[in-house]
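A.B. asks: Quick one: the structure is below, and I'll ask about it shortly.
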Amino acid sequence: MIGFGKVRMVRTVVDGVLQEQEDEAIRRAGYIHLYGVAEMSALLAARRGLDAVTASVAGMLHDIYTCRTGLRLLHAPSGAEDARVILRDLGVFSQEEQQRIHSAILRHSDKERVDDPYDELLKDADVLQHYLHDPTQSFPPATARRIRNVTAELGLPAVEVRVSETKPTAQAGSISLRARLADVAEELARQPLVGDENQSGPDVWPLIRYFPGARRDQGWDWCASFVYHCAVQAGPILPIRYPGVSCRFAAVLAWLEWARLPEIGFFHPADEPGFAPERGDLIVYDRLVSSAEHDHIGVVLDRDDCTLVAAEGNVSNRSGVFRRDRFLQVNGFIRVEDSYRYSWP
Ligand SMILES: [Fe+2]
């Protein structure tokens with residue numbers, strides 16, 4: 001059974017991720033939920049005439065980012081990137097299978113929206129597993145609706161689903177997003193964080209652990225990971241990779257490409273007339289630590305007419321606060337709007 005062989009291969013990867021998770025509660029919840037959703041997905045695929053292997057693998061991988069990192073925030077788009085890397089490395093899934101699984105995981109948190117058949121299948125399998133695991137818990141209205149619909153589709157007697165009250169939207173704090181980002185970056189930069197001989201270790205691991213392939217004993221040039229970590233702590237909240245951008249936020253290029261997207265538009269070239277960098281802007285350098293373009297990034301803390309002060313990670317494998325020439329080696333700035341929230345259509 002060739003198709004089922006692929007399911008077994010993914011199980012081996014999933015087991016590996018779960019076994020590495022130190023938090024017992026996350027590990028246990030991972031086994032129950034990922035495999036539970038995989039089996040609900042296979043059931044719904046049979047019911048809907050869809051491919052059971054694609055559905056089952058999407059189910060198995062849909063919360064893999066949370067199981068790997070322990071983080072739930074934006075786990076759908078970040079998990080889609082984790083799944084993409086896993087499927088690419090296994091090398092046995094067709095482009096179509098990879099695309100369907102990626103799309104389903106990317107969209108699975110949005111239970112209110114109706115998407116493509118495999119996206120819908122994963123959302124329904126997800127809510128069904130949550131419901132069957134504990135039918136006494138309360139669910140948001142859109143999830144409760146799905147539970148009623150999917151159980152009816154399976155011919156089960158009408159079920160009673162508790163509906164939770166809609167949570168009020170979180171109020172933005174009084175401190176602006178860019179101010180928070182700068183505060184976090186400054187604090188971390190001043191500690192300082194110091195990498196071990198493999199650019200990892202206890203100080204650097206928290207910065208790189210978000211990204212697939214991160215290892216406690218082997219890191220990478222971590223200036224962009226430093227900025228991403230500050231963003232996760234303080235905002236803007238971003239998934240590990242932005243859809244349509246060629247690499248993950250562990251690379252400076254990802255920040256540049258993201259900021260230059262027409263729908264984002266946060267990039268300001270170094271020589272833009274009238275633009276004056278402010279605390280909380282990101283600063284991208286060219287040829288600062290190597291001979292390459294966009295080879296370094298930091299967070300602006302302060303400036304005067306001639307110099308800039310920035311909090312940066314991985315300057316000779318240490319974080320720090322640096323005063324530099326206002327224009328020398330500067331590619332440009334990224335000014336994230338305070339009202340920015342990640343969303344993907
Ligand atoms: Fe889930």
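The values are calculated or read from the model by the stated rules, or taken from the named source; none is laboratory data. These figures come from a predicted structure and were not determined experimentally. Cβ coordinates were reconstructed from backbone atoms using ideal geometry, including for glycine residues, and neighbour counts include every protein chain displayed. Note: accessible area is taken over every heavy atom of the protein model, side chains too, but ligands, DNA and RNA are not part of it. Shrake-Rupley method; radii C 1.70, N 1.55, O 1.52, S 1.80 Å.
A.B. asks: Taking the stated definitions as given, is Arg47 in contact with an Asp or Glu (Cβ under 9 Å, 6 or more places away or on another chain), open to solvent by 30 Å² or more (accessible area, probe 1.4 Å) and at pLDDT 95 or above?
C.D. replies: It is true that Arg47 is in contact with an Asp or Glu (Cβ under 9 Å, 6 or more places away or on another chain), open to solvent by 30 Å² or more (accessible area, probe 1.4 Å) and at pLDDT 95 or above.
A.B. asks: If you don't mind, there's one more thing I want to ask. Against the definition (surrounded by 13 or more Cβ atoms within 10 Å (Cβ to Cβ) and within 27 Å of Arg287 (Cα to Cα)), how does Arg216 come out, yes or no?
C.D. replies: Working: surrounded by 13 or more Cβ atoms within 10 Å (Cβ to Cβ): yes; within 27 Å of Arg287 (Cα to Cα): no.
No: the conditions fail for Arg216.
A.B. asks: If I go through region 57-94 residue by residue, how many of them are closer than 14 Å to Lys6 by Cβ and of a type outside the set (Lys, Arg)?
C.D. replies: If we filter region 57-94 for residues that are closer than 14 Å to Lys6 by Cβ, which is where we start, we get 57-61, 83, 86-94.
Subset that is of a type outside the set (Lys, Arg): 57-61, 83, 86-87, 89-94.
Qualifying residue count for the region: 14.
A.B. asks: Moving on to the next point. Collect the residues in region 241-291 that are more than 30 Å from Ile105 (Cβ to Cβ) and among the polar types (S, T, N, Q), keeping them in residue-number order.
C.D. replies: Listed by number, the residues that qualify are Ser290, Ser291.
A.B. asks: Taking Asp134, is it open to solvent by 30 Å² or more (accessible area, probe 1.4 Å), under 30 Å from Ser316 (Cβ atoms) and either more than 25 Å from the chain's Cα centre (by Cα) or not hydroxyl-bearing (Ser, Thr, Tyr) (or both)?
C.D. replies: In short, no.
A.B. asks: Out of (1) open to solvent by 40 Å² or more (accessible area, probe 1.4 Å); (2) within 14 Å of the ligand (Cβ to nearest atom), the odd one out for Asp116 is which?
C.D. replies: Exception for Asp116: condition (2).
A.B. asks: Then there is this: Any idea which residue in region 1-29 is surrounded by the most Cβ atoms within 10 Å (Cβ to Cβ), counting only those that are of a type in the set (A, V, I, L, M) and farther than 24 Å from Gln98 by Cβ?
C.D. replies: Residue satisfying both the conditions and the ranking: Ala29.
A.B. asks: Further question on the same structure: Just to be sure I understand, how many residues within region 87-108 are of a type in the set (Val, Ile, Thr) and surrounded by fewer than 22 Cβ atoms within 10 Å (Cβ to Cβ)?
C.D. replies: Qualifying residue count for the region: 1.
A.B. asks: Would region 238-245 turn up any residue that is touching a Pro at 6+ places or on another chain (Cβ under 9 Å), closer than 14 Å to Gly298 by Cα and buried (at least 20 other Cβ atoms within 10 Å of the Cβ)?
C.D. replies: Among the residues of region 238-245, not one is touching a Pro at 6+ places or on another chain (Cβ under 9 Å), closer than 14 Å to Gly298 by Cα and buried (at least 20 other Cβ atoms within 10 Å of the Cβ), which makes the answer no.
A.B. asks: How many of the residues in region 322-345 are surrounded by fewer than 18 Cβ atoms within 10 Å (Cβ to Cβ) and of a type outside the set (Lys, Arg)?
C.D. replies: Number of matching residues: 13.
A.B. asks: Given the residues Ile101, Ile86, Ile105, which is the only one that is within 13 Å of the ligand (Cβ to nearest atom) and farther than 25 Å from Pro157 by Cα?
C.D. replies: The match here is Ile105.
A.B. asks: Regarding Ser78, is this residue within 16 Å of the ligand (Cβ to nearest atom) and either at pLDDT below 95 or surrounded by 12 or more Cβ atoms within 10 Å (Cβ to Cβ) (or both)?
C.D. replies: Spelling it out, Ser78 is indeed within 16 Å of the ligand (Cβ to nearest atom) and either at pLDDT below 95 or surrounded by 12 or more Cβ atoms within 10 Å (Cβ to Cβ) (or both).
A.B. asks: In this structure, does Asp126 turn out to be surrounded by 15 or more Cβ atoms within 10 Å (Cβ to Cβ), touching a residue at least 24 places away in the same chain (Cβ under 8 Å) and within 16 Å of the ligand (Cβ to nearest atom)?
C.D. replies: Here the answer is yes, as Asp126 does meet what is asked.
A.B. asks: Restricting to region 139-155, count the residues that are on the phi < 0 side of the Ramachandran plot, without any contact (Cβ under 8 Å) to a residue 60 or more places away in the chain, open to solvent by 20 Å² or more (accessible area, probe 1.4 Å) and not in a helix (DSSP H, G or I).
C.D. replies: Matching residues across region 139-155 total 1.
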